[in-house]
Amino acid sequence: MSENGRDGAYAPIEAWFRSYVDEFRGADGALPGPLEFKLAHSARVAENSSLIAAGLGLPGGEAALARAAGLLHDAGRFTQYAGHGSFIDARSLDHGLEGRRVLEEKARPLFSCGAAFGRLLCAVQYHNRKAEDLPSGLPPADNSLLLLVRDADKLDIMNGLIGSVETDGFKGLQVMVPDIALSRELSPGVLEAAARGETLALKDLHTLADIMVMVAGWFKDLNYTPARQAASDRGFLSRLRRQLPESQGLDALFSSLAKTEAQPGRKYIGDVDS
Ligand SMILES: [Fe+2]
């Protein structure tokens, strides 16, 4: 097993994913822009999953499964966009559940271990749920992988959002979600909800500033120390704060987020002994 999870077991999964994505290309071989973005996002979430797995010291098989779950977590985005032309789950379908459906239908032969495939399906199905809406009572090994993929996904979205805002004010956002205005003003109630610790949902947001506040709030939801460390190393919170207006309420929100700690006592419990 290689240290970043790219080993013999991972290669066929990566190849399958490429051919799956090819189904959504047009006659000219190009993907629609939003799906090109999701393809690149998937590869980066795989990288982030490997980074977290390495930080947690996971053994090779577990690290490869984490990388595969990161790569495949948004499999449902492709059918979602092809069928509905939207990435807003509330107006189309639950793309986590859809990803599970797609993978159950098409990817089962890639996994020799049914238990590992089941854990990956669980991570895909629930990766997009609000933290407070996650099912309780998942088997610990399933839960551990799910939490890792959620962290890896959030790291990439945070990174992409901040980089795009810094580069050009995130002009590309309106390709993804045309209903969101590129304004740096917060919509009524957004700051208050974030200050209460509520997890904001895209369907309730109207401006780029709202989205930045939503994404800043994810910092407190990062589960594992290596993910928290990566977010700190990349300066996510301070960089987001610089892109938002002067406001004592925002200052207070960001300083309280910076003081949150990785989920206390959260340990990765993988199927590492089997
Ligand atoms: Fe997703």
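The values are calculated or read from the model by the stated rules, or taken from the named source; none is laboratory data. Treat the numbers as computed from the prediction; the structure is a model and nothing was measured. Every residue, glycine among them, receives a Cβ derived from its backbone with ideal geometry; neighbour counts consider all protein chains shown. The accessibility values were calculated without ligands, DNA or RNA, using every heavy atom of the protein model including side chains. Shrake-Rupley method; radii C 1.70, N 1.55, O 1.52, S 1.80 Å.
Has the range 153-162 got at least one residue that is in contact (Cβ under 8 Å) with a residue 60 or more places away in the chain and part of a loop (DSSP other than H, G, I, E, B)?
Looking through the range 153-162, none of the residues is in contact (Cβ under 8 Å) with a residue 60 or more places away in the chain and part of a loop (DSSP other than H, G, I, E, B).
Looking at (1) surrounded by 18 or more Cβ atoms within 10 Å (Cβ to Cβ); (2) modelled with pLDDT of 95 or more, which is the one condition that is false for PHE87?
(2)
Of everything in the range 210-235, what is among the small types (Gly, Ala, Ser) and either part of a helix (DSSP H, G or I) or open to solvent by 40 Å² or more (accessible area, probe 1.4 Å) (or both)? Give them in sequence order.
Taking the range 210-235 and keeping what is among the small types (Gly, Ala, Ser), we get 216-217, 227, 230-232, 235.
Hits for the range 210-235 are ALA216, GLY217, ALA227, ALA230, ALA231, SER232.
If you check GLU23 against the conditions, is it acidic (Asp, Glu) and within 15 Å of VAL149 (Cα to Cα)? Walk me through how you get there before you give the answer.
Values: acidic (Asp, Glu): yes; within 15 Å of VAL149 (Cα to Cα): no.
So GLU23 does not fit the description; no.
Just to be sure before I move on: is ILE180 among the β-branched types (Val, Ile, Thr) and open to solvent by 60 Å² or more (accessible area, probe 1.4 Å) in the structure I sent?
Details: among the β-branched types (Val, Ile, Thr): yes; open to solvent by 60 Å² or more (accessible area, probe 1.4 Å): no.
Against the criterion (among the β-branched types (Val, Ile, Thr) and open to solvent by 60 Å² or more (accessible area, probe 1.4 Å)), ILE180 does not qualify.
Of all residues in the range 82-112 being in a loop (DSSP other than H, G, I, E, B) and within 17 Å of LEU146 (Cβ to Cβ), which is farthest from the ligand (Cβ to nearest atom)? Steps first, answer last, please.
Of the residues in the range 82-112, the ones in a loop (DSSP other than H, G, I, E, B) are 85-88, 92-94, 107, 111-112.
Imposing the further condition that a residue be within 17 Å of LEU146 (Cβ to Cβ) reduces the set to 94, 111.
Working: ASP94: 10, PHE111: 20 Å.
For the range 82-112, the residue satisfying everything is PHE111.
Restricting to the range 64-81, count the residues that are within 11 Å of the ligand (Cβ to nearest atom) and open to solvent by 10 Å² or more (accessible area, probe 1.4 Å).
1
Taking the condition of being open to solvent by 40 Å² or more (accessible area, probe 1.4 Å) and either at negative phi or among the hydroxyl-bearing types (Ser, Thr, Tyr) (or both), how many residues in the range 41-60 meet it? Before you say what the answer is, go through the steps one by one.
From the range 41-60, those open to solvent by 40 Å² or more (accessible area, probe 1.4 Å) are 43-44, 47, 51, 54-57, 59; that's our starting set.
Narrowing further to those that are either at negative phi or among the hydroxyl-bearing types (Ser, Thr, Tyr) (or both): 43-44, 47, 51, 54-56, 59.
Summing the residues that are open to solvent by 40 Å² or more (accessible area, probe 1.4 Å) and either at negative phi or among the hydroxyl-bearing types (Ser, Thr, Tyr) (or both) in the range 41-60 gives 8.
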